[in-house]
1. Can you tell which of I72, I99 is of a type in the set (A, V, I, L, M, F, W, C), over 23 Å from S37 (Cα atoms) and within 16 Å of the chain's Cα centre (by Cα)?
2. Tell me which residues, restricted to the stretch 122-137, are farther than 17 Å from Q112 by Cβ and in contact with a strand residue (DSSP E or B) (Cβ under 6 Å, 6 or more places away or on another chain).
3. Could you check A35 against (1) under 23 Å from T24 (Cβ atoms); (2) not assigned by TED's automatic domain parsing to the domain that holds V11 and say which number it fails?
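The values are calculated or read from the model by the stated rules, or taken from the named source; none is laboratory data. Only a predicted model underlies this, so the values are computations on that prediction, with no experimental measurement involved. All Cβ positions, even for glycine, are placed from backbone atoms using ideal geometry, and neighbour counts span all protein chains on display.
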Amino acid sequence: MTKQRKTSAKVASKASKLMKDGRTSKNTKSVAASALSQRAPKKIKEEGDNMNYAEKIKMKQGKSDSNELTEIDEIYVSGFGWKSKAFYYDYLTIYPSTIAVNIYPYPKLVKQLSSNNEKYVKSEPNEYGYDNLLRLPRV
């Protein structure tokens with residue numbers, strides 16, 4: 001059996017920065033995601049460590065009053081700024097449970113794929129079954 005190699009911490013750090021940079025091409029992000037997926041697993045952290053928070057949303061043009069998650073165009077997350085919902089889908093593939101909505105009870109964002117294979121994110125439902133992501137301020 002061949003020895004599997006793992007991505008070093010130094011390379012993983014650079015790949016992570018590329019994933020967060022809005023100027024990075026899709027091909028480069030694909031290579032960076034591949035490198036990150038081969039990273040040795042980290043120790044499990046305490047709940048809340050390195051948590052980023054979704055603070056506001058931008059809806060698609062002409063859909064400002066929509067209550068459909070797929071109509072969200074961009075999400076502002078602390079530490080990232082404005083990024084597309086597909087960016088956060090890809091990010092959560094590599095770093096699950098690291099982004100929460102900044103509304104009590106601070107539900108985590110989770111990945112979803114629409115029936116049209118559109119990548120988007122939603123929050124875990126609150127106690128009433130509502131998605132707090134749609135309750136964030138709209139810009």
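1. Checking each option against the conditions leaves just I72.
2. P137
3. (2)
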